[in-house]
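Structure record follows, encoded as structure tokens.
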Amino acid sequence: MSDASGGREPHVPVMLDEVVRMLAPEPGEPAADLTVGAGGHARAILERTGPDGRLLGMDRDPTALRAARGVLEAFGARVVLREGASETLREVLREAAFPPPAMILLDLGVSSMQLDDPARGFSFRGDGPLDMRMGARGRTARDVLGALDADALERALRELADEPFARKIARAVAARH
């Protein structure tokens, strides 16, 4: 089975033991992992909620969902995977006829799956398109930058990122567009 990292070492979930200890899943309890990623936390929760506990796994990133599907396939019908964001949870629960979860996990850190693949446009290490979308929908980072003039970009960098070189960066970006 290939893993989320494209065949390299399998993804290791961050703070897995601590997350499972804090959630304290019990057998039979329904759970929701709203940033299911590669499925590592979800697998641990399903192992603790067996034999009949169910898990709703959601992610905005279809690539992550494919990885999670492979990792969680052994749990069969106990797993429901859906593309989406946390704000759609109510609708997804209703549509999937999923019971109210006893626990909800949101891993709000940066995803190594996106950072490690330069083609996704998030990488610090390799060149790639200026994309930065979780999936194929929505505006790319290139689209957003192209819609801002140098002054607006400078304000955004200064106010949202506390970037000390905001003016220099904004001017350099504007000169390239």
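Any chance segment 90-101 includes a residue that's over 30 Å from D33 (Cα atoms), open to solvent by 40 Å² or more (accessible area, probe 1.4 Å), under 22 Å from the mean Cα position of the chain (by Cα) and basic (K, R)? No - not one qualifying residue is present in segment 90-101.
Here's a check for you: in segment 91-138, which residue that is hydrophobic (A, V, I, L, M, F, W, C), in a helix (DSSP H, G or I) and in contact with a Gly (Cβ under 9 Å, 6 or more places away or on another chain) is nearest to A170 (Cα to Cα)?
The first filter runs over segment 91-138 and keeps only residues hydrophobic (A, V, I, L, M, F, W, C), leaving 92-93, 96-98, 102-106, 108, 110, 113, 115, 119, 122, 124, 130, 132, 134, 136.
Next, from what is left, pick out any that are in a helix (DSSP H, G or I): 92-93, 113, 115, 119.
Add one more test, that the residue is in contact with a Gly (Cβ under 9 Å, 6 or more places away or on another chain), and what stays is 92, 113, 119.
Numbers: V92: 40, M113: 28, A119: 24 Å.
Per the criteria, the residue is A119.
All of (1) at pLDDT below 95; (2) in contact with an Asp or Glu (Cβ under 8 Å, 6 or more places away or on another chain); (3) open to solvent by less than 20 Å² (accessible area, probe 1.4 Å) hold for A85 with one exception: (2). Among the residues of segment 43-67, those that are without any contact (Cβ under 8 Å) to a residue 40 or more places away in the chain and hydrophobic (A, V, I, L, M, F, W, C) comprise A44, L46, L55, M58, L65. Among the residues of segment 12-26, those identified as open to solvent by less than 80 Å² (accessible area, probe 1.4 Å) and within 19 Å of the chain's Cα centre (by Cα) are P13, L16, V19, V20.
For segment 139-167, which residues satisfy the criterion of being open to solvent by less than 60 Å² (accessible area, probe 1.4 Å), in a loop (DSSP other than H, G, I, E, B) and either in contact with a His (Cβ under 7 Å, 6 or more places away or on another chain) or not hydroxyl-bearing (S, T, Y) (or both)? Answer for segment 139-167, where residues must be open to solvent by less than 60 Å² (accessible area, probe 1.4 Å), in a loop (DSSP other than H, G, I, E, B) and either in contact with a His (Cβ under 7 Å, 6 or more places away or on another chain) or not hydroxyl-bearing (S, T, Y) (or both): just E163.
The values are calculated or read from the model by the stated rules, or taken from the named source; none is laboratory data. Since the model is a prediction, treat every value here as computed from it, not as a measurement. Cβ atoms come from the backbone with ideal geometry, glycine included; neighbour counts cover every protein chain shown. Side chains are part of the model used for accessible areas, which takes the heavy atoms of the whole protein and leaves out ligands, DNA and RNA. Shrake-Rupley method; radii C 1.70, N 1.55, O 1.52, S 1.80 Å.
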